[in-house]
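What follows draws every value from the coordinates through simple rules; no lab data is involved. Note that this is a predicted model, so its numbers are computed, not measured. We place every Cβ from the backbone using ideal geometry, glycine too, and count neighbours over all the protein chains shown.
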Amino acid sequence: MKIVVMIKQVPDAEEIFIDPVKFTLNRSQARGIINPSDENALEAALRIKEAVGGEITIISMGPPQAENAIIECMGRGADRGILITDRVFAAADTYATSLTLAAAIKKLGEFDLIFAGESTTDSGTGHVGPGVAEFLGIDQVTYTINTKIEGEMLIGERELEDGIEVVSARPPLLVTVMINANIPRHSSLRKKVDAIRKGIEKWDHDTLSLPPDWVGLKGSPTLVGALKIPEERKRASKIIKLEEIPDLVNELVKNGVISTGGD
Amino acid sequence: MELINCVPPENPNDYHDVFVYLEIRNEHITKGSLEMLGKGRELAEKLGDKVVGVAVGKGLKKIADEAASYGCQIFLGADVTDYSGFSSVAYTEFISSFVFEHKPSIFLISGSREGRDLVSRIAIRCKTGVAADCIELDADVQNRLLIAWRPSFGDKTIDQILCKKHRPQMITSRPGSYKLPQQVEKPDCDVRIKKVKMAKLAQDHKTLEFKKKDRLDLTSSKIIVSGGLGLGKPAGFKIVQELAEALGGEVGASRPVVDLGWIPYEHQVGQTGQTVRPHLYIAAGISGKIQHIVGMKASETIISINTDPEAPIVKYSDYFINADLYKAIPKLTEEIKKVTAQVAAPSS
Ligand SMILES: Cc1cc2nc3c(=O)[nH]c(=O)nc-3n(C[C@H](O)[C@H](O)[C@H](O)COP(=O)(O)OP(=O)(O)OC[C@H]3O[C@@H](n4cnc5c(N)ncnc54)[C@H](O)[C@@H]3O)c2cc1C
Ligand SMILES: Nc1ncnc2c1ncn2[C@@H]1O[C@H](COP(=O)(O)O)[C@@H](O)[C@H]1O
């Protein structure tokens, strides 16, 4: 199996803050982590590789420091890592991001499975996986909590609102993976060191033969018009001692927070 | 599909009407899609357009009637004569063909699993953009533009998303974002259903089985009692459960207790779990790290129970019970049972 896993480095939510002067999000100072469900996507891919053999290539589009996320993935057992990085890719929406990633996968050549996370925590649309599938003209199996290969087919369990749908689909396929699909393994330090020695390949818009105005902000049909900062609600934080719990319950009843079934 | 950039149409004003994708589950239109239909009708009225429901499935006559009863003005159906289950590829093809034929200006899709599976394929097929998970929609009538607002980065900002040149202007909103529309007194809908086949498109894509199981949906819960690492042991969820039961609510959890296997994932609240907004949220033994907070801070009333008066959860709480949860939770349960029992057995 030739497997591609798409991963994104996202800022750790705890460390994002809003610049009070420039009124913009300050992401640059936030520590980067692998987007949570992408870790599950990699784990699902590694398990298929272990079951039927194959080779896993990580691709990630992002700034140069996203290299660290790829190295971590190599440490967990991926075979090759490619960072798609170029100033002109910045501020891409899902159309332009999907186009760029699809172009990179085309350049890699033949593939059987592409794994993606269910959604990212920083922009969180879940659109990039299906978008890549659309550009490549392939089928997709989304929201999986379990995947395996049986004969020539992929069997996937999809977690939907009202139950689990079990589907059979033929590669080449794009598969998206849920955060509760598996517990991602830890990386091996030795493999990480190997990855650093080998180096991560870097591709830009030239490598992908993509005109600069097809990608990044220019290639994006949507744009951010304005930004509001929602007002944080101030809460009273009224301190209640153990012996004051009866009073608290009475207050909650009085304020209609707890209904006693009488109304 | 070729790898091609997003060329806009020459004249965006050739595009009219508001499309709404009608997702069908259990032979009915989902609540999420009905909400979008209501919103679609509002926008259409403002713009002097019509609201158009689009659906894919078997038969569809009953679905068309249901849509009409909620104010749908035109119904475009793809009646699949050889239906073999959901297929992104086939659905994308059918829905996009309606877009090419009708040229809608706006296209609303409920951000359910199915909606999110389809929306970006449809958008790319139609060479347009999507604003995902919007919470507020409005129309700029003069410029015939959809003004969409979406929260980003864990609700730290709300961004206005515009799609100025491309059509349709597509958006999704999470189910529960808007009110359900009222049923109309005199449904008046132009129903157009065409027969289609999916076999060629959905080649080798088959639904083998559907194991029905309602996922715990905390997003519509009125009361949630959540437990965190402060419970100390899996059995701690017993008292959490008892309190939830006394209140007629559901049980929630922080991520580490889910990771430890103390409680299933469907109970997790937070950035990588569910985003909830109950009337009452009780957080017991939860420190209040930002990834948990973003999933519950919109709750009406928040009570936290924690031994640590410095825990970050305190500032997000209306009431902070500074005590050992093993003492506080049973006490709360007892007191709540008392007040509810009073009503059940009125004193004479
Ligand atoms: C990418 C990412 C995504 C994440 N997503 C989520 C998410 O969706 N949801 C989520 O919850 N977390 C999430 N987390 C984890 C989050 O950062 C915190 O680690 C987690 O919320 C902490 O859980 P906790 O409050 O239960 O545990 P702790 O932080 O360990 O807090 C336990 C609390 O219990 C109190 N306590 C201890 N004993 C008692 C007692 N006897 N009585 C009363 N109080 C007691 C302690 O004082 C402490 O405040 C995510 C993290 C990352 C990096
Ligand atoms: N810049 C990127 N580089 C690589 N993969 C990405 C990128 N953005 C999104 N993805 C993949 O697409 C999935 C969905 O992302 P999103 O649509 O942003 O929620 C992620 O979980 C990744 O697997």
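Observations, loosely collected:
- Placing +1 on each Lys and Arg Cβ and -1 on each Asp and Glu Cβ, with no other charges, gives chain A a dipole about its Cα centre of roughly 840 debye.
- Taking the fewest neighbouring Cβ atoms within 10 Å as the starting point, the ordered list for B:Thr157, B:Thr81 is B:Thr81, B:Thr157.
- Sparse packing (at most 11 other Cβ atoms within 10 Å of the Cβ) combined with a DSSP loop state is found for none of the chymotrypsin sites (Phe, Trp or Tyr not before Pro) in region B:81-118.
- Cross-link reach list, aspartates and glutamates versus A:Lys254, counting only Cα pairs under 17 Å and skipping chain neighbours closer than eight places: A:Glu244, A:Asp263, B:Glu300, B:Asp318, B:Glu335
- When B:Cys163, B:Cys6 are arranged by Cβ crowding within 10 Å, least crowded first, meaning fewest neighbours, the order is B:Cys6, B:Cys163.
- Under 5 Å between amide hydrogens, built in the peptide plane, is the criterion, and for B:Lys164 it picks out A:Leu223 among residues at least 5 positions away or on other chains.
- For region B:12-202, averaging the sequence separation of C-alpha pairs within contact (under 8 Å, six or more residues apart) and dividing by the residue count gives a relative contact order of 31 percent.
- Each of B:Leu137, B:Leu37, A:Leu83 was scored by other Cβ atoms within 10 Å of its Cβ. Arranged with the fewest first, they read B:Leu137, A:Leu83, B:Leu37.
- Among A:Val5, A:Ala66, A:Pro212 the positive-end extreme of the charge dipole of region A:2-214 (Cβ point charges): A:Ala66
- Within the straight-line cut-off of under 29 Å between alpha carbons, the lysines reachable from A:Lys198 are A:Lys2, A:Lys8, A:Lys49, A:Lys106, A:Lys107, sequence neighbours fewer than 8 places apart in one chain being disregarded.
- From phi via Karplus (6.51, -1.76, 1.60), per-residue ³J(HN,Hα) for region B:263-277 in Hz, x at Gly/Pro: 7, x, 4, 4, 8, 6, 10, x, 3, 9, x, 9, 9, 10, 9
- Computed FRET value (nearest 0.05) for A:Asp206 with B:Val7, which takes r as the C-beta separation and R₀ as 25 Å: 0.70
- Sparse-neighbourhood loop sites, GluC sites (Glu not before Pro) in region B:1-95 - DSSP loop, at most 11 other Cβ within 10 angstrom: B:Glu2, B:Glu10, B:Glu27
- Sum of -39500 (n - 2.57) over DSSP H runs of 4+, divided by residues of chain B (222 nm, nearest 500): -8500 deg cm²/dmol
- Residue by residue, region A:114-131 carries 3J(HN,Hα) couplings of 10, 9, 9, x, 5, 6, 9, 7, 8, 10, x, 9, x, 8, 5, x, x, x Hz when phi is fed to the Karplus relation 6.51 cos²θ - 1.76 cosθ + 1.60 (θ = phi - 60°); x denotes Gly or Pro.
- Between 0 and 90 degrees, the angle of helix A:245-254 with respect to the longest Cα principal axis of chain A falls at about 90 degrees.
- Efficiency of FRET between B:Lys222 and B:Lys61 - r from beta-carbon atoms, R0 41 angstrom, step 0.05: 0.65
- A:Thr260-B:Glu27 pseudo-label distance in nm [points 7 Å out on the Cα-to-Cβ vector]: 4.5
- Other residues whose C-beta falls under 14 angstrom from the C-beta of B:Phe237 contribute a net charge of -2, scoring Lys and Arg +1 and Asp and Glu -1.
- Chain A - mean residue ellipticity at 222 nm from DSSP helices (-39,500 (n - 2.57) per run, n ≥ 4, rounded to 500): -8500 deg cm²/dmol
- Net dipole in debye of chain B [+1 Lys, Arg Cβ; -1 Asp, Glu Cβ; about Cα centre; nearest 20]: 460
- Label-point separation, B:Glu209 to A:Leu217 (7 Å along Cα→Cβ), nm: 5.2
- Residue with peak Gaussian network fluctuation, chain A [Cα springs, cutoff 10 Å], from A:Ala116, A:Ala91, A:Ala69: A:Ala91
- Once the trypsin sites (Lys or Arg not before Pro) in DSSP loops with at most 12 neighbouring Cβ atoms within 10 Å are cut out of chain A, the longest remaining piece is A:32-232.
- Within-10-Å neighbourhood charge of B:Ser105 [Cβ basis; K, R +1; D, E -1]: 0
- Average other protein chain Cβ within 10 Å of Cβ, residues A:140-147: 3
- Pair A:Leu189, A:Asp79: separation of 7 Å Cα→Cβ label points (nm): 2.8
- Modelled FRET efficiency - R0 45 Å, A:Ser237 with B:Lys164, Cβ distances, 0.05 increments: 0.50
- Between B:Glu101 and B:Lys197, residue separation times 0.36 nm minus the direct Cα-Cα distance comes to 32.8 nm.
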